Amino acid sequence: MGRSTLTLAGAAPRANATVVAWGVVTLAGALLLPWGRVGRDLWTFVPGTLGVELLAGEWTVAVAVLCAALAGSLGVAPLPLYRRGRLALAVGAVGALAVFTALATRGQAIGPGALVAALGFLALVGIGLALGGYVQADAFIGVCIVWAAAFVLVFILYPLWAVLQGSVYIDGRLTLDVVRQTISSPAFLLLDNPATPQNEMHQGLLAGAVLGGVGALVAAALTRRARATALWGLGVWLGGSALGVLYFGFGAVRNSILLALVVGVVATALGFLFALLAERSSLPTRKLFGPVSILPIITPPFVLGLAIIYLLGRRGYITHHLLGLNTTIFFGMLGVGIAQVLAYTPIAFLILQGVVRQLNVALEEAAETLGANRWHILRTVIWPLARPGVANAFLLTAIESLADFGNPVVVGGGLPYLATEIFFAATGRGTSEAAVFGAALLTLTLTIFLIQHRWVGLTSYVTVTGRPTQGVVRPLPRTLDYAVTGVFVAWVAVIVVLYGSVAVGSVTKLWGFDYTFTLEHFRGLSPTGWAVFRTTAWLSAIAAIPSTIVGFLIGYLVTRYTFRGRSALEFCSMLSFATPGTVMGIGYILAFNQGALLLTGTELIIILAFVFRNMPVALRAGVASVLQIDRSLEEASTMLRASSPTTLRRVVLPLVRAAILSGLIFSFVRAMTAISQVIFLITPRTNLATTQILSYINYGTVGLGAALSWVLVVFMALVIVGLYLLNQRLGGRAAGGMPTM
Amino acid sequence: MRGDRPVHVRLRGVTKRLGTHLAVDGVSLEVPEGDFTTLLGPSGCGKTTTLRILAGFYRPDAGDVFVRDVRVTDVPPHRRNTAMVFQEYALFPHMTVAENIGYGLRMRGVPAAEARRRIAAAVDLVGLEGQEAKFPQQLSGGQQQRVAVARALVVEPEVLLMDEPLSNLDAKLRVRVRTELRALQQQLGKTTIYVTHDQEEALSISDRIAVMNRGRIVQVGTPREIYYRPADRFVADFVGLANFVPVRVVAAGRVRMGDLEFEVPGAAPGPATLVVRPEAVALSAAPPAAAGRPTFRGRVKTVAFLGGLARYWIEALGTEWVVDVAAPGEQMYAGEVSLTLVPDRVHVLHDQGKAAGAPNGEPAAR
Amino acid sequence: MTRIVILALLVAFGAGGLAQAAPAGRVVVLCSPNVEWCDLLKAQFPRATGIQLDFVRLSSGEALARLRAERANPVFDVWFGGTGDPHFVANEEGLTEFYRPKAWDDLRPSLRDAVQNKYIPLYAGVLGWAVNGALLREKNIPEPRTWEALADPRLRGLVAYPNPNTSGTGYTMIATIVQLYGEARAFDLLKRIHRNVAEYTRAGAAPGVLAGRGEVAIGVTFVHDAVLQILSGFPVTYGSARDGTGYEIGGLSLVKGAPNRANAIAFIDWALTPEAQALAAQAKSYQLPSNAKTPVPSVAPRFQDFNVIRYDFPKYGTAAVRDGLVGRWTREVFPLPK
């Protein structure tokens, strides 16, 4: 018993050690490492910028060093735990402020000295928060929270802020000129086209009014109630007017929104039908859903667009050779729409599969005993229960469509779309105009994201990686089963033909003209193609690890701990998921091109872009899997004297290993296929496979593009299968309870 | 039984707000060394929150926690020398029984040989020999529960905390395991704080019970004190069944109920409520005979045969009475019956809520 | 905790460790021609000089934007290739500086005079179009010989030209027509051609690709880009307006504040040698090389075969003129219904 009393009394000195350690690390970093870096080279430092050398000349550095020393001595000072926590918080905050001020005023790129000092002071703030009782957690968690918040602030919020700022703050002054010029440009939005005699906006409003009238009449005929008639009339009138104005309008806003609406509806409808089929069909085709739903995830951008050109163009294999048509109708919104529906239906499918799976069969049986037939059940039980999930799927596919860059670039038919205009504005007409387009697209997607976040909430993504539950399958009505299976088989056929055509393109001399077998395109990948492929795989693999760690950690923090700003942290982390890549890309260019945070032109910025873009995937997987672990497991570990890092390592990690693995895989794959953000960031040494494919396509060397695309697809499929098998092998020890991919 | 032992764990004015809900409201409690104290109350009464404050998972908004006069309010859970048995056992599914039990030893840096010895002893103690290499999922509920207990005990905690550890067992097993737990606790003399909402469990297992309601401790006492001399109507109602009859104490120790008057020692004058346990009423078919013992007539409405006893619902004195008759045998009452109170088993509650003779909620005074 | 600190530092710096220290002799090139050409430069330049070459391929518009974005802290040393106008603008904006190369006297005088010391001429290319003869025959339309002929109603949906907002080629076409007919008539013609346009492409070479694949019959592009399609095996030929067509002078510029200035100059001098210029043909780029001593490949289009106008580079290269024309096109032509 004497021993235990000792440990109680000894609790305080151990917390001291943490404070001392961080004080010393901060002090050493601030004093002995250089504060300034030369340009974009990460390892070339400005001479004479060691803390010791700057100490006398710059008061900010002096304050920082003083704070670090103070923090170190705080640890050994005989103080109650609480007081020490608060003092550490104060010293850390002052020190961090000093470092930030130093960075802002010095104008040099941040060197390791300043970096260590900044991280050290932030760590002290975290320790202070924990010890001071501001968060219910220990020092480790406190540090994690503060660092996570800092990273999210710097790498997600700051670039977005830079976009908004960049659209109104030009050459050092606040002006709305560029905003005004941009939104009055026909490429942005034209409601009334001055080049035509008629007024398109009036046409749209007229169409809306007519639709509203029809809606009211239909409602009146069906319900015979004044209220319903008025509501329906008004609703259809307003919605119809908006749609009508858009339909008759012109420009990127119009194209993007119309496309998102249509793609959202079609992909969600198909996804819902396929989900029903996958869960309830009695036909063997169900088994195809797994591989088919993975396919779009590992498909590099442009591949579908490329295939559509070759199959459906004026000389397309299907349109011209098989059907004898002579049309370019598939260039433009129709082609983009088809490619997007093919790409995003699996997303809707994965969401809705979870929804359909969770439908309680007992409810349907109850409805059946009450005399409902299967159609009734579908209409009155399944559909209402699935409605929130359907809304969720629609919103997510709409966001994806808005953010899509690859398809509009390849089959967009030269029409403006918001996501592509950002890039073309940035590369042709100046970053401020790009920022205006970026702000517009950001506003749109954020609105949708907010609706989705408020309405459908946190559970929505969970099902994407959730574990399958085996229930009693209720078969679909036979006619529906066959009809939907027909649609699905056609869909699979289209997929097979499209991917097959790319495969054919990679091994034939001249796709579309000369079908002689050749491997010249694969040989042609050397040296550039292969080198770029290696760089891409390497950078993606490196980025996947911090991406998973940071994402999982934030997921763990927000599920298990309560602290001020917790939901803000989660929301902001998810923000990078909802932000279109081109917006984030222009944001990174604007944010990290000068001053202390100068990172453009390095590999590091590409890795950081990958990390913070894909982190939400791991975050979601983390939240979902942590929620499945009873909190008392961690408490039991804590009670048995494990510190929170030990608990994380020994209890939580082994239980969520599968989720982490799938987070790793998806982060890696998403990085491999990323295009929209990184196209702004590629450097001499780090050209990426996706931009290389685009470059091949633009120059007409399509065979090379097809070859590189296939290399990517096959490589990613191998990686996924390999890691999956590895997980199966490792999974032997702990019985059950593992969520699968 | 307690007075001679030093106080081991003390809560002083502990208050905790969870969100907007005042979960624990100024709780003070002293647990003597080696004592088995149960926090009893309905769900949401703050008993689990109190336990978690003791464990260190929550930091109280006000008040302090002492272990042997050392203030531990700010000590994080993993630095306190307490161990806890969880409601769902919280066994690590990816570790074997032996690994689960040894986890705390490993965290304390106990050398492997000693750890092995202590694990074996703990396994022995809870009777799980031969199960060491199994995973928790391969054990029965009772066995899992024992692993949880062994895991908590093996680290030789100063204080053992248990959060409804039996609620996941079926009824029969629960009775058996709670007897075992009690025996184990007495054998080791380990100070134990136990949380349950099951009054029968609390009565059977504890040295002392602290009854909680709405974040406050309403009464602390031995199981008998709690049962027979509840501090207020809530305790009386929550612990066991009771009939509540409005009465008037006409003079010190003299109670008037309807037109009956009888002696209840310690009752102070004023309006009051008489607490009558179902078994404190004797039934007979014959009309009232013995004078001095309060007897009145009633009419049997329903009867439930429960094996060892029969429970009657009887209309009498304008209200409904619940009366238990032990060992009923074949004979059942029906129609008109006589009810006779056993005066030394009834208890008077003054209508301000203060019980006659029993000062409320001040354990320090005892 | 200590372990965590170490781990954190490792994560913080480990990623940075990827970038090894730069080799001493290095030049970073913003490369605007096709990738093959850039690849050849990367392979050959170190052999000639021992200096390592890194490049990013960006079209000339993208390249200009990149230079602007990085004005304060240039990454690139040299801008190689791409249409002349953005080189002009870059020079005007102080992003690049003129360097008089050693081979200056060997460069074709006409090209030298045209660019007026704003940048170094690297090659010249004639504006024309790729023609898909099969498609024209199918529709029974004669091959167009003038800009006016592109407005032929029978060509509806069969013409593609690059969007001048994103492509230097597109701008060259508009500037050419304006110089030929005057602005008012030019825009009237562009509006009539608009009805026939299937697609305004982003990239200058893309119309040739479209014509090659048979999406359109006429793809306005530089003829050397059309040659590439022909050599790839696509069933196209090239043609141009007989009443006058424009041309580009591909640029080579030294980036102002180049991090490796000395190496950049070495690269520029090397790039203008006949040997280096001959790499273009190897990379299937068939422009007219600026060095008169460079052998011209047989398949390359010859200037004398075209009716080339006196293109006013100094005027049409300025940002003001360019923005005016492109803006007018975007407002008046682009949104017209087809």
How large is log10 I(q)/I(0) at q = 0.09 Å⁻¹ when the Debye formula is applied to the Cα atoms of chain A, each weighted equally and without solvent? -0.94
Ranking A:PHE552, A:ALA17, A:VAL336 by how far each Cα lies towards the positive end of the charge dipole of chain A (+1 on Lys and Arg Cβ, -1 on Asp and Glu Cβ), the top one is A:ALA17
Normalised contact order of chain A, rounded percent, pairs of Cα under 8 Å and 6 or more residues apart: 15
Rg ratio (alpha-carbon, reference 2.2 N^0.38 Å) - the range A:191-249: 1.29
Would the range A:366-406 count as rounded, prolate or oblate if I go by the C-alpha gyration tensor, calling it rounded below 1.5 in a/c and otherwise prolate when a/b exceeds b/c, oblate otherwise? prolate
Residues A:VAL496 and A:VAL265, FRET efficiency given R0 of 25 Å [Cβ-Cβ distance, rounded to 0.05]: 0.50
Suppose we look only past 27 Å in the calculated P(r) of the range C:106-235. What percent of the Cα-Cα pairs does that tail hold? 21
The long-range amide H neighbours of B:LEU349, using H built 1.01 Å from N in the peptide plane and a cut-off of under 5 Å, are B:THR273, B:LEU274, B:VAL275
Of the listed peptides C:229-240, A:189-200, A:341-352, what is their order by residue-averaged count of other C-beta atoms within 10 Å, with the highest listed first? A:341-352, C:229-240, A:189-200
What Kirkwood hydrodynamic radius, in Å, does the range C:258-338 give when the mean of 1/r is taken over all pairs of distinct Cα atoms and then inverted? 16.5
Could you run the Karplus curve 6.51 cos²θ - 1.76 cosθ + 1.60 with θ = phi - 60° over the range B:58-73 and give me ³J(HN,Hα) per residue in whole Hz, x for Gly and Pro? 10, 9, x, 5, 8, x, 9, 10, 10, 10, 6, 6, 9, 6, 10, 3
Please work out the Kirkwood hydrodynamic radius for the range A:48-207, using every pair of different C-alpha atoms, and report it in angstroms with one decimal place. 19.5
Just to confirm the number: angle between the C-alpha axis of helix C:35-49 and the first principal axis of chain C, 0 to 90 degrees, nearest 10? 40
Averaged over the residues of A:247-255, the number of partner chain Cβ atoms within 10 Å of each residue's own Cβ comes to 1
Highest mean packing first, using Cβ neighbours within 10 angstrom, the peptides A:75-87, A:261-273 sort as A:261-273, A:75-87
Sorted largest first, the Cα spans of the range A:131-171 on the principal axes come out in Å as 45, 15, 13
Along its principal axes, what span do the Cα atoms of the range B:291-349 show, with the longest given first and each in whole Å? 31, 24, 22
For chain C, what log10 I(q)/I(0) values come out of the Debye formula at q = 0.10, 0.13 1/Å, with one point per alpha carbon and no solvent? -0.60, -0.94
What three numbers, in Å, describe the spread of the alpha carbons of the range C:36-107 along their principal axes, ordered from the longest? 34, 29, 22
Per residue, how big is the convex hull around the C-alpha atoms of the range A:12-134? Give it to me in cubic angstrom, could you? 86
Give the angle, between 0 and 90 degrees and rounded to the nearest 10, that separates the Cα long axis of helix B:171-188 from the longest principal axis of the Cα atoms of chain B. 70
Rg/Rh for the range A:237-309: what does it come to with C-alpha atoms and Rh from Kirkwood? 1.12
Rounded to a whole number, the mean other protein chain Cβ count within 10 angstrom for residues of C:198-205 is 5
Quick one: pull the percent of accessible area on the protein assembly as shown belonging to carbon and sulfur, 1.4 Å probe, ligands and nucleic acids left out. 61
D (Stokes-Einstein, µm²/s), Kirkwood Cα radius, the protein assembly as shown, 0.692 mPa s at 37 °C: 88
At 20 °C and 1.002 mPa s, what whole-number value in µm²/s does Stokes-Einstein give for the translational diffusion of the range B:7-233, with Rh from the Kirkwood sum over Cα pairs? 119
So for each of B:226-235, A:104-113 I average, over its residues, the number of other beta carbons within 10 Å; can you give me the resulting order with the highest mean first? B:226-235, A:104-113
Over its Cα atoms, what ratio of radius of gyration to 2.2 N^0.38 Å does the range B:124-168 give? 1.18
Can you give me the angle between helix A:11-32 and the longest principal axis of chain A, using Cα atoms only, in degrees from 0 to 90, rounded to the nearest 10? 80
Counting partner chain Cβ atoms within 10 Å of every residue's Cβ in A:690-703, what's the average? 5
Cα-centre dipole for the protein assembly as shown with unit charges at Cβ (Lys and Arg positive, Asp and Glu negative), debye to 20: 820
Of all DSSP beta bridges in the protein assembly as shown, antiparallel share, percent nearest 5: 75
Tell me the relative contact order for chain B as a rounded percent, counting alpha carbon contacts under 8 Å between residues six or more apart. 16
Other residues with Cβ under 11 Å from the Cβ of A:LEU694 give, with Lys and Arg +1 and Asp and Glu -1, a net charge of +2
Using θ = phi - 60° and the Karplus form 6.51 cos²θ - 1.76 cosθ + 1.60, what ³J(HN,Hα) does each residue of the range C:141-148 get, whole Hz, x for Gly and Pro? 10, x, 5, x, 10, 9, 4, 4
Rounded to the nearest 20 debye, what is the charge dipole size of the range C:173-252 about its Cα centre when +1 sits on each Lys and Arg Cβ and -1 on each Asp and Glu Cβ? 180
Table column - 3J(HN,Hα) (Hz), the range A:323-338, Karplus curve with 6.51, -1.76, 1.60, x for Gly and Pro: 9, x, 7, 9, 8, 10, 4, 7, 8, x, 5, 4, x, 4, x, 4
List the pair-distance distribution P(r) of the range B:241-357, using every Cα-Cα distance, as the percent of pairs falling in each 5 Å bin from 0 up to the bin containing the longest distance, rounded to whole percents. 2, 12, 22, 24, 18, 11, 7, 3, 0
In Å², rounded to a whole number, the accessible area per residue of the protein assembly as shown with probe 1.4 Å is 39
Per DSSP H run of n ≥ 4, the term is -39500 (n - 2.57); total these for chain A, divide by its residue number, and report the mean residue ellipticity at 222 nm rounded to 500 deg cm²/dmol. -23000 deg cm²/dmol
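The values are calculated or read from the model by the stated rules, or taken from the named source; none is laboratory data. Please read these numbers as outputs of a predicted model, since none were measured by experiment. Every residue, glycine among them, receives a Cβ derived from its backbone with ideal geometry; neighbour counts consider all protein chains shown. Heads up: the accessible areas ignore ligands, DNA and RNA and are worked out on the full protein's heavy atoms, side chains in. Shrake-Rupley method; radii C 1.70, N 1.55, O 1.52, S 1.80 Å.
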